[in-house]
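J.: Take a look at the following structure, please.
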Amino acid sequence: MDMERLKKQVRQDMDQIVSEWGSAGHLQAGDLAVIGCSTSEVAGEHIGTSGSEELAAIIFEALTSLQNDTGIALAFQCCEHLNRALVVEKELIEQYHLDEVAAVPVPKAGGSMASFAFQHMEQPALAESITADHGIDIGETMIGMHLRRVAVPLRFKQRSAGHARVNAARTRRKLIGGERAVYER
């Protein structure tokens, strides 16, 4: 698939994903969502081999539109070369008492998605880890380490962005107690 057709497909896929995620009813203002994305996988290549800031731009635009509509905060996961640190707005470092680390993601060390997010956020910072309420994984980048326990899969009709598989999750409070416990008021 040529790049122009791929970009058009990714834009359509992301619009559908964002629409489904927003209408699922789980995203609340102030919630934190982790975004894992391999633009190489979106392009149909092996993770870490063919990053694309053009594709990252499309994905970033769709997700920031969702952020604007819902009031959620976004955290873009870097690749393994930066130990899966997260690009966030500086205010989140303070608000969530996150450990800030010293690195600037670039396409070959951080990944194209995280690099693009770092370049386009108002006051980007890098957090070592987070505990997110929601997450989306585009291209099997392994975001689970950044999700609050207990993760519950979301089953979107749109299961891919370009060539990459897409998985999403929300989290819920742990159900503790036993057979006599009451969970709803």
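A quick yes/no check of all residues on (1) at pLDDT below 95; (2) within 15 Å of Asp31 (Cβ to Cβ):
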residue: His134; (1), (2): no, yes
residue: Asp137; (1), (2): no, no
residue: Met145; (1), (2): yes, no
residue: Arg149; (1), (2): yes, no
residue: Arg155; (1), (2): yes, no
residue: Val166; (1), (2): no, no
residue: Lys174; (1), (2): yes, no
residue: Glu179; (1), (2): yes, no
residue: Glu184; (1), (2): yes, no
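J.: On to the next question. Look at segment 5-34 and say how many of its residues are farther than 15 Å from Leu63 by Cα and surrounded by 17 or more Cβ atoms within 10 Å (Cβ to Cβ).
T.: The qualifying residues number 4.
J.: Just to verify a result, which residue in segment 1-24, among those that are more than 21 Å from Ala73 (Cα to Cα) and not charged (D, E, K, R), is farthest from the chain's Cα centre (by Cα)?
T.: Only one residue tops the list, namely Met1.
J.: I would also like to ask the following. Is it the case, given these coordinates, that Glu41 is within 19 Å of Val18 (Cβ to Cβ) and either touching a His at 6+ places or on another chain (Cβ under 9 Å) or not hydrophobic (A, V, I, L, M, F, W, C) (or both)?
T.: Yes.
J.: Filter segment 25-61 for residues that are over 11 Å from the mean Cα position of the chain (by Cα) and in a helix (DSSP H, G or I) and give the result.
T.: Here is the first cut: in segment 25-61, the residues over 11 Å from the mean Cα position of the chain (by Cα) are 25-31, 39-58, 61.
Of everything in segment 25-61, those that are over 11 Å from the mean Cα position of the chain (by Cα) and in a helix (DSSP H, G or I) turn out to be Thr39, Ser40, Glu41, Val42, Glu53, Glu54, Leu55, Ala56, Ala57, Ile58, Glu61.
J.: Can you report the number of residues in segment 128-175 which are assigned to a loop (DSSP other than H, G, I, E, B) and under 27 Å from His97 (Cα atoms)?
T.: Looking only at that region, the number is 15.
J.: If a residue has to be at pLDDT below 95 and either farther than 18 Å from Ala132 by Cβ or in contact with a Leu (Cβ under 9 Å, 6 or more places away or on another chain) (or both) to count, how many in segment 83-101 make the cut?
T.: Selection size over segment 83-101: 1.
The values are calculated or read from the model by the stated rules, or taken from the named source; none is laboratory data. This one's a predicted model, so the numbers in the text were calculated from it and none came from an experiment. We place every Cβ from the backbone using ideal geometry, glycine too, and count neighbours over all the protein chains shown.
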